[in-house]
Every structure is written in structure tokens, then in C-alpha cells.
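The values are calculated or read from the model by the stated rules, or taken from the named source; none is laboratory data. The shown structure was predicted, so the numbers you read here are calculated from the model rather than taken from an experiment. We place every Cβ from the backbone using ideal geometry, glycine too, and count neighbours over all the protein chains shown. To get the accessible areas, we keep the full protein, side chains included, count just its heavy atoms, and leave off ligands, DNA and RNA. Shrake-Rupley method; radii C 1.70, N 1.55, O 1.52, S 1.80 Å.
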Amino acid sequence: MGRMAQEHSDTDQFRGARFTGVDLSGATFRDCDLRGVKIVDAWLTDVSLSGLIGNLRVNDVDVVPLVEAELDRQHPERAQLRAMASAEDHRAMWATIERLWSETVERARRLPEPRLHERVDDEWSFAETHRHLVFCTDAWVGRSVLGHERPYSWLGLPYSGYPAAQALALGVDPDAAPTVDEVLEARAERMATVRGIVADLTDAGLEQSSDLAPAPGYPDESRTVRRCLGVVMREECEHRRYAVRDLAVLESPGPNENT
């Protein structure tokens, strides 16, 4: 009988550790600090990496520029996002985001609703992705930009490490199970809010600042409108990329389905 996999969470016991001749096949590292990790003479096949990656050398070659170039080729909106400077750039970027999500939602709607609540490789489902974007907009736009005291929807989904007790105190239920229609209705309302903000945005308005943190637990510091909108738009682009990736899996027939 195989050994039960161990769980290690919220620990620094492996900082600076050396692993030699260790079998880590099938291990999962999620939300881990791997800065400065060195892997030598190892078998790295069928390995998947994602996250904030910089200066990643594979056989002495920094592959990050190659990966970034390919991602830009597949998702040109990434380059548009990085080039944002003026208020007009922000309007154009938001128009691109709305267009891309409209196409993606239309594609997703062809699937039965249960598939849109299904996780692929333990990543957020399509519905959970949109729930997270609801929370992101509530926090960075509703709270920090517009100054609403409690802008948070009950169906929002904070980032994975956000304390559940703090979420519940905001009226947010991470364990909620809203329908896809409920989630997309909330998303449409928030996308309309951002659309209204960028419609009237000026270059000077981008530099206005707010001392309101997106939510309890975030650092108490001043944030410009530029920064807040940038966070929201970056989240929109990256999570749509993940959604498109996972939709391709969900659209594939299962082993017991007719092809």
C-alpha cells in the first residue's frame, strides 16, 4: 500500500535545505517562495511551471524572454497592457478586455453548466475565476477608487491565501455556490462600472490617489487610480488566459464520451 502524501503549509522549515537523491515526482508546489532555488542533475520531464517567473535558466539559457515572447504572440493584449500610459490607452485596453471576455463567455456558454463549475488540474473553475474577478473589482475599484465602505459581493472570491474569517467579515462567502448566471450578472455590473470610470478618465485623474486599502489585510498605503486600474486589468488578462487554457480541456470529450 502506497504512503499517504504529506501536506506542508505555511512553513519555512525547508528554507536553504538541500535535497539529494530525493524522489519528488508528483509533488505540487502552490503559492511557494522558490526564489534562488537551484536544480542540478535532475529529471524535469512533464513539468508545469506558472507564476511570477524571472531569470529562469534552463541548461544555462534564460528562457523567460522566450516564454514572454510566445505568450505575447498568443495573447497580444499583454503587450497592449504593458504599453498603457495615457487615459486613452486605458480606455482602449478596457475595450479590448471586454471584447475578449465576451468571446470567451460565449464559447463557455456552449458547455453544460456543471462543466463551468469543474476545476481543471485543481485550478479555479470558470465560475470561480469570474467570482475572483468580482472580488478584485470590488476591492481595487469599488473600495480603493470609488471609496465605497463595503462594496463586496457575497459571491466574490478573494485570492487563495486570504483569511476566510476576514472574507466572511466582509460579507463574502468563499464557500458559496452561485449559479453561472448569478456570477456573470455580477461581473457585467462591475465591468460596466469600470467602463464608466475609464470613459471619463483624464491623464490627471490617473494620478489621483486613495488611502483606502482594497480590503482588510492589504498594506495601508496610498494607491493611485493608475495602479488600481492596472491591477484590475492585469488580473482580467491573466485570468482570461487561464480560462481559455482550461476551456480547451473542458471542451475535449472525456474517455467515456463519443467522439
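Residue by residue through the stretch 85-110, note down the ones that are hydroxyl-bearing (S, T, Y) and outside any helix (DSSP H, G or I).
S86, the sole residue that qualifies.
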For the stretch 111-130, does any single residue satisfy the condition of being within 16 Å of the chain's Cα centre (by Cα), part of a helix (DSSP H, G or I) and aliphatic (A, V, I, L, M)?
yes
How many of the residues in the stretch 208-259 are in a helix (DSSP H, G or I) and in contact with a helix residue (DSSP H, G or I) (Cβ under 9 Å, 6 or more places away or on another chain)?
24
I'd like the residue in the stretch 24-56 that is under 25 Å from Y242 (Cβ atoms) and among the basic types (K, R) and, out of all such residues, is least open to solvent (accessible area, probe 1.4 Å).
R30
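Return the residues of the stretch 189-228 that are hydrophobic (A, V, I, L, M, F, W, C) and within 29 Å of A169 (Cα to Cα); say none if nothing qualifies.
In the first step, residues of the stretch 189-228 are kept if they are hydrophobic (A, V, I, L, M, F, W, C); the result is 191-192, 194, 197-199, 201, 204, 206, 212-213, 215, 225, 228.
Within the stretch 189-228, M191, A192, V194, I197, L212, A213, A215, V225, C228 qualify.
Matching residues to (1) exposed (fewer than 10 other Cβ atoms within 10 Å of the Cβ); (2) out of contact with any helix residue (DSSP H, G or I) (no Cβ under 9 Å at 6 or more places or on another chain); (3) without any contact (Cβ under 8 Å) to a residue 60 or more places away in the chain:
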{"site": "E7", "(1), (2), (3)": "yes, yes, yes"}
{"site": "T11", "(1), (2), (3)": "yes, yes, yes"}
{"site": "V63", "(1), (2), (3)": "no, yes, yes"}
{"site": "D89", "(1), (2), (3)": "no, no, yes"}
{"site": "I97", "(1), (2), (3)": "no, no, no"}
{"site": "T104", "(1), (2), (3)": "no, no, no"}
{"site": "E113", "(1), (2), (3)": "no, no, no"}
{"site": "H117", "(1), (2), (3)": "no, no, no"}
Exactly one of these conditions fails for E128: (1) under 29 Å from D200 (Cβ atoms); (2) free of Cβ contacts under 8 Å to residues at least 60 places away in the same chain. Give me its number.
(1)
Can you name the number of the only condition in (1) assigned to a loop (DSSP other than H, G, I, E, B); (2) touching a residue at least 12 places away in the same chain (Cβ under 8 Å); (3) of a type in the set (D, E, K, R) that R35 fails?
(2)
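Would you call G21 in a loop (DSSP other than H, G, I, E, B), over 30 Å from P163 (Cβ atoms) and either at pLDDT 80 or above or open to solvent by 60 Å² or more (accessible area, probe 1.4 Å) (or both)?
Numbers: in a loop (DSSP other than H, G, I, E, B): yes; over 30 Å from P163 (Cβ atoms): yes; either at pLDDT 80 or above or open to solvent by 60 Å² or more (accessible area, probe 1.4 Å) (or both): yes.
Spelling it out, G21 is indeed in a loop (DSSP other than H, G, I, E, B), over 30 Å from P163 (Cβ atoms) and either at pLDDT 80 or above or open to solvent by 60 Å² or more (accessible area, probe 1.4 Å) (or both).
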Helices (runs of 4 or more DSSP H) wholly inside the stretch 136-207 containing at least 1 residues that are among the hydroxyl-bearing types (S, T, Y):
180-199
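Test R143 against the stated conditions and say whether it is open to solvent by 20 Å² or more (accessible area, probe 1.4 Å), in contact with a Pro (Cβ under 6 Å, 6 or more places away or on another chain), basic (K, R) and touching a residue at least 60 places away in the same chain (Cβ under 8 Å). Talk me through it step by step, then tell me what you get.
Working: open to solvent by 20 Å² or more (accessible area, probe 1.4 Å): yes; in contact with a Pro (Cβ under 6 Å, 6 or more places away or on another chain): yes; basic (K, R): yes; touching a residue at least 60 places away in the same chain (Cβ under 8 Å): yes.
When the stated conditions are applied, R143 passes them.
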Residues of the stretch 166-216 being more than 23 Å from W94 (Cβ to Cβ), open to solvent by 60 Å² or more (accessible area, probe 1.4 Å) and in contact with a strand residue (DSSP E or B) (Cβ under 9 Å, 6 or more places away or on another chain), in sequence order, are D211
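Any residue at all in the stretch 137-147 that's closer than 27 Å to A248 by Cβ, polar (S, T, N, Q) and at pLDDT below 95? Reasoning before the result, please.
So the first thing to find is which residues in the stretch 137-147 are closer than 27 Å to A248 by Cβ, and the list is 137.
This time we only want the ones that are polar (S, T, N, Q), so: 137.
Still in the list and also at pLDDT below 95: none.
No.
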Six or more apart or on different chains, Cβ under 7 Å: which pairs go from a residue in the stretch 219-248 that's surrounded by 15 or more Cβ atoms within 10 Å (Cβ to Cβ) to one that's part of a helix (DSSP H, G or I) and among the basic types (K, R)? Could you list them?
C237/R78; L247/R107
